[in-house]
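Worksheet: one structure, shown below.
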Amino acid sequence: MSDDSLSWKRLLLFFVPLGLSASLVTLSHVIINRTLAYAPSPETVIASYALASSLLAVTERPSTLLRQTCSALVRDKISFKALTFVTYVFLVCVLLIGGIIVYTPVGRGIFGTLFGVDATLLPSVIAVYGVLMFVSVFSVIRNIYQGIIITHNRTKWLTIGMVIRLSGMYLLSLYFVNIHGVTSGIVGAVIFVAGMVIEAAVSFMEGRNIARRMPVKKEGHPIETRSDVFRFYKPLLYSSLVAMVIGPALNIMLGKTDGVALAISSFAVAASLMQLMLSFFIYIHQIVLNYYRIDADLVRKFALAIGFIPAILVAIIAYTPLGYWVFGHVMNVEGQLLQESLYTLRAFILYPLVMPWLDYGNGLILLGGQTKVMFRSQLANAICTIAVLLLLVAIVPHWNGMVGALAQSLGLLAEAVIIFLVLRRIRREPKLESQN
């Protein structure tokens with residue numbers, strides 16, 4: 001890979017398929033919710049699926065970090081073998097945790113106490129999670145092979161895999177709606193698992209072909225043992241465990257605002273729209289991982305060119321009449337909820353402004369193998385978010401969903417500050433050494 005081979009066109013060809021695949025993920029939830037709406041009692045069925053999915057979002061988070069780990073560490077067959085061992089350990093843990101939740105009283109305790117699920121709905125929620133727990137297994141397979149695909153500039157396969165996944169999910173949804181019938185939230189879980197199996201299979205086939213062509217040992221590559229991989233991955237895992245605190249904290253504190261239902265719903269609506277605006281831009285760290293050492297200046301210019309787009313998109317919707325049309329016609333929100341969702345989106349404006357640069361900074365941290373920093377930065381995020389939540393609920397509980405939006409945005413800012421303070425220190429260290 002030569003220095004003069006890097007260009008704006010090459011960066012776009014690498015980045016755009018990644019962004020498309022991330023954006024298309026949202027369609028999988030649309031397909032599932034549309035299918036479950038055909039159930040005789042759609043509210044109960046959708047609720048059972050949504051509650052089980054909320055726990056899956058927590059338990060699956062560590063598996064997504066394996067994609068970053070693979071992109072940063074795997075350059076030959078020896079490093080891939082070391083990562084594979086870590087993957088096996090993780091899969092065993094995922095299945096063990098899933099089994100405990102589904103087949104022991106622990107699951108009832110988690111859903112009944114922490115998530116506040118009604119006793120009559122508990123069996124349905126646990127049954128749905130009993131299927132969804134297998135998503136993490138195929139997610140791990142998908143992520144490690146996508147890491148290889150990304151590193152070898154074959155990112156179009158992520159978009160191809162997502163398109164095939166969505167096609168399969170849609171066909172399966174038609175089967176349930178027209179032939180089998182939609183009887184419970186398990187239908188949604190089956191569709192989701194099937195989609196993940198399809199995407200994992202596409203990633204495996206392409207990633208495996210690339211892995212076979214990798215050298216046994218790349219000269220100068222330091223990753224050789226399981227310990228090398230664990231040393232890199234463990235701080236990422238710990239940081240994800242810290243991040244798990246933020247979601248429940250937001251839900252608990254929003255429940256202490258003046259308009260509980262309005263606060264929670266407006267926060268959910270605004271956050272979903274904001275995340276949709278961000279989804280295309282969540283892979284900036286991969287640009288850094290794969291190209292920063294080739295042409296750091298061009299990577300910085302590329303990040304500057306795209307890094308402000310999410311904030312601009314959110315601002316256009318939040319601060320212009322377009323917002324009323326988007327919430328009213330696209331998201332089917334009306335009345336007081338529409339107005340509160342708009343206020344909450346305005347309070348979120350800092351989040352899409354900071355997130356691309358945090359992702360850029362995280363890419364530099366991953367590139368340098370300084371993953372312990374990410375645990376500290378995530379801890380700063382959690383502490384700041386909870387502190388701001390407590391303060392705002394005590395002072396301005398009538399702000400409702402805005403409380404959560406401001407707290408989450410300032411928490412993200414705190415995380416970014418830690419990352420860039422560390423990067424500033426790292427840049428200065430060689431200069432200090434050269435002066436001695």
Does P222 count as open to solvent by 60 Å² or more (accessible area, probe 1.4 Å) and out of contact with any Gly (no Cβ under 7 Å at 6 or more places or on another chain)? yes
Note on the range 250-264: residues touching a residue at least 12 places away in the same chain (Cβ under 8 Å) and farther than 15 Å from A57 by Cβ are M253, L254, K256, T257, D258, G259, L262, A263, I264
Taking Y175 as the residue in question, decide whether it is more than 21 Å from the chain's Cα centre (by Cα), on the phi < 0 side of the Ramachandran plot and of a type in the set (F, W, Y). yes
Those residues that are under 20 Å from I150 (Cβ atoms), part of a helix (DSSP H, G or I), among the aliphatic types (A, V, I, L, M) and in contact with a Leu (Cβ under 8 Å, 6 or more places away or on another chain), I need them from the range 188-236; list them, please. V229, L236
Checked the range 305-345 for anything open to solvent by 20 Å² or more (accessible area, probe 1.4 Å), within 22 Å of N400 (Cα to Cα), among the aliphatic types (A, V, I, L, M) and at pLDDT below 85; matches are M331
If you go through the range 84-105 one residue at a time, do you hit one that is of a type outside the set (K, R), touching an Asp or Glu at 6+ places or on another chain (Cβ under 9 Å) and part of a helix (DSSP H, G or I)? yes
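Within the range 202-219, which residues are of a type in the set (V, I, T) and open to solvent by 30 Å² or more (accessible area, probe 1.4 Å)? Can you show your working first?
Of the residues in the range 202-219, the ones of a type in the set (V, I, T) are 202, 210, 216.
Hit for the range 202-219 is V216, nothing else.
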Could you check V193 against (1) open to solvent by 50 Å² or more (accessible area, probe 1.4 Å); (2) modelled with pLDDT of 90 or more; (3) within 17 Å of T59 (Cβ to Cβ) and say which number it fails? (1)
Please work out which one of (1) open to solvent by 10 Å² or more (accessible area, probe 1.4 Å); (2) under 24 Å from L338 (Cβ atoms); (3) not aliphatic (A, V, I, L, M) is the condition G401 fails and give its number. (1)
Across the range 83-113, what is the total count of residues that are touching a Leu at 6+ places or on another chain (Cβ under 9 Å) and either open to solvent by 40 Å² or more (accessible area, probe 1.4 Å) or on the phi > 0 side of the Ramachandran plot (or both)? 1
Go through the range 320-343 and count every residue that is touching a Leu at 6+ places or on another chain (Cβ under 9 Å) and assigned to a helix (DSSP H, G or I). 10
What is the one condition in (1) buried (at least 18 other Cβ atoms within 10 Å of the Cβ); (2) assigned to a helix (DSSP H, G or I); (3) at pLDDT below 90; (4) aliphatic (A, V, I, L, M) that V25 does not satisfy? (1)
Give me a count of the residues in the range 237-283 that are outside any helix (DSSP H, G or I) and crowded, with 19+ Cβ neighbours inside 10 Å. 2
The residue that is most open to solvent (accessible area, probe 1.4 Å), considering only those in the range 142-158 that are hydroxyl-bearing (S, T, Y) and either touching a Phe, Trp or Tyr at 6+ places or on another chain (Cβ under 8 Å) or at pLDDT 95 or above (or both), is Y145
Which of the residues belonging to the range 348-357 are part of a helix (DSSP H, G or I) and either among the hydroxyl-bearing types (S, T, Y) or open to solvent by less than 10 Å² (accessible area, probe 1.4 Å) (or both)? Y351, P352, P356
Kindly provide the set of residues from the range 106-116 that are assigned to a helix (DSSP H, G or I) and either of a type in the set (A, V, I, L, M, F, W, C) or touching a His at 6+ places or on another chain (Cβ under 9 Å) (or both), ordered by number. V106, I110, F111, L114
Given the conditions (1) within 13 Å of H29 (Cα to Cα); (2) crowded, with 20+ Cβ neighbours inside 10 Å, and given that E199 satisfies all but one, which numbered condition is not satisfied? (1)
Determine whether the range 66-79 contains at least one residue that is open to solvent by 40 Å² or more (accessible area, probe 1.4 Å) and in a loop (DSSP other than H, G, I, E, B). yes
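Confirm whether S41 is polar (S, T, N, Q), more than 26 Å from L166 (Cβ to Cβ) and modelled with pLDDT under 90.
Yes, satisfied.
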If I go through the range 168-187 residue by residue, how many of them are in a helix (DSSP H, G or I), β-branched (V, I, T), farther than 13 Å from Y129 by Cα and in contact (Cβ under 8 Å) with a residue 12 or more places away in the chain? 1
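The values are calculated or read from the model by the stated rules, or taken from the named source; none is laboratory data. Everything numeric here is computed off the predicted structure, so don't read it as measured data. Every residue, glycine as well, gets a Cβ built from its backbone with ideal geometry; the counts of neighbours run over all protein chains shown. All accessible areas refer to the heavy atoms of the entire protein, side chains included, with ligands and DNA or RNA removed. Shrake-Rupley method; radii C 1.70, N 1.55, O 1.52, S 1.80 Å.
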